[in-house]
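A quick write-up on the structure given underneath.
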Amino acid sequence: MKVSRSKSQSPLTLPERMRWRPALALLPVVFAASFAMAQAGADKSASDTRRSGYQDMGAALQKMQDDDTANPGMLYVQLGEQLWAKPAGAASKACADCHSVADMKGVAARYPAIPENSDRPIDLEGRIQLCRASHQQAERLAPESRDLLSLAAFVARQSRGLPIAPPDDARLAPFRSEGEAIYRRRQGQLNLSCAICHDDNAGKKLAGVTIPQAHPTGYPIYRLEWQALGSLKRRLRNCLVGIRAEAYPYEAVDYVALEVFLMGRAKGMPFEAPGVRP
Amino acid sequence: MLRASLLAALLLMPLATAGRAQGTSAGTPVSYTVVDDAIPRPLTASPGDASRGRAIVANRSVGLCLLCHSGPIPEERFQGTLAPSLGGAGTRWSVAQLRLRIVDGSRLNPDTIMPPYYRTTGLVRVARAFEGKTILTAEQIEDVVAYLATLKEQ
């Protein structure tokens, strides 16, 4: 009898494995460079006052992010590595049939980008969905689904330590301006803008929480509050809901525009996915 | 260490989940008259209650005040540093002045980051659950003002 492939992979029910803490310690350390080293190596001039949310966290959380055996995001990276090699869709092709893992180096650090035969940017999750549709002939993955986040985490992991490097593409400019306009516009019942918190009041305490500068350095992140990995979109939605603004639908271009703006604002900062955040 | 950071994480939850089930006013806000930098007449017929006001100020998903302000509410350990302390507010301002600052501080300082607690107009992309509603009701505003008026010490 043939044992089906998906059956043999069923131990990947992630939440269960996470509860089984010793499993974390057994995780092989696949990649060696730690984020702390990347920080030290990055050429930041003294006048650059930008800080990653990483620097606003306590030492325990920084350690959790840096240590691949403790970073819960690494479980998703592992799952993503398996999905990467698994044929999917009517074409029965795996990501690995078209790309080498080495090809993925630097990719996440430059998205959102405008794909071929298009005139508007998509983010990393959008790129994964596009490959599924056009090359694998597979159905879309649900936003924030475990598979989509795991694939994104696996790809993002290949850029860890590299500087954020948005593409030098003039067609991105209008999207960047639109993202900046959203960032500066007051909205919601509380009548606040992203800039009020993340530019004017970064470093101050909102209740007990230090307001970070909102650099998208670590996405997808494992957020303790979520007990799960989540995308940058999910984070942006949380901030919108916090100010009682109507969150954009998941597929809205507004998020991509915000992401283009935020990545441009963080240009040159080291990419640290999968990040850990409180 | 980890417990402390988990705690910090839990703190933002009220901010993030505040979208649900707050007892804000339906209907149109009652009209009021601004005289100089104050609203001299109460928004309600019956006077505000300072102890209810204190509870509103302390509540992170009703008043939201301590997200930004600190104040003499020692049981709330995590208070904000975006705004001046509420301590002494009752010495610095009259009841009528306090009322306008809560109702709509943007009438005094157009750039203020303090939310307009009793305004439904001029707002952008308000979440459906809150559309057309004020952050606090007229009664809650009067309660908060009554509480702030008791804050005489710095």
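The values are calculated or read from the model by the stated rules, or taken from the named source; none is laboratory data. What you see is a predicted model; the values in this text were computed from it and never measured. Cβ: placed from backbone, ideal geometry, glycine included. Neighbour counts: every protein chain shown. Quick note on the areas: whole protein, heavy atoms, side chains included, nothing else; ligands and nucleic acids left out. Shrake-Rupley method; radii C 1.70, N 1.55, O 1.52, S 1.80 Å.
Here are some notes:
- A:Thr69 accessible area, 1.4 Å probe, all protein chains in place, Å² to nearest 10: 30
- Annotation note: GluC sites (Glu not before Pro) in segment A:217-261 located in DSSP loop regions with a Cβ neighbour count of at most 14 within 10 Å are A:Glu251.
- Shown for segment A:163-193: residues covered by the partner protein chains by 40 Å² or more of accessible area relative to the chain by itself (probe radius 1.4 Å), namely A:Arg186, A:Gln189, A:Leu190, A:Asn191.
- Accessible surface buried at the B:A interface totals approximately 3100 Å², computed with a 1.4 Å probe on protein heavy atoms.
- Per residue, the solvent-accessible area of segment B:42-92 (1.4 Å probe, heavy atoms of protein chains only, all protein chains present) comes to 46 Å².
- Interface residues, segment B:78-98 - accessible area loss of 30 Å² or more versus chain alone, probe 1.4 Å: B:Thr81, B:Leu82
- Rounded accessible area of A:Ser100 (nearest 10 Å², 1.4 Å probe): 50
- Remark: spin-label model distance A:Asp199-B:Ser106 equals 1.8 nm, labels positioned 7 Å along the Cα→Cβ axis.
- On the basis of the beta-carbon distance and an R0 of 51 Å, A:Val101 and B:Glu75 show a calculated FRET efficiency of 0.45.
- Hz values of 3J(HN,Hα) by residue in segment A:189-196 - Karplus curve (6.51, -1.76, 1.60), Gly and Pro given as x: 4, 7, 6, 10, 10, 4, 5, 4
- With the simple model of a label 7 Å out from the Cα in the direction of the Cβ, B:Lys152 to A:Asp168 spans 6.9 nm.
- Per-residue SASA entry for A:Val260, accessible area with 1.4 Å probe, Å² rounded to 10: 10
- Applying a DSSP loop filter and a limit of 11 other Cβ atoms within 10 Å to the trypsin sites (Lys or Arg not before Pro) in segment B:20-101 leaves B:Arg20, B:Arg77.
- Legend: residue pairs A:Lys63/A:Lys93; A:Lys105/A:Lys204; A:Lys93/A:Lys233; A:Lys63/A:Lys204; A:Lys63/A:Lys233, Cα-Cα distance threshold 30 Å; pairs beyond threshold, A:Lys63/A:Lys93; A:Lys105/A:Lys204.
- Working from label points 7 Å from Cα in the Cα-to-Cβ sense, the A:Glu139 to B:Thr33 distance is 6.5 nm.
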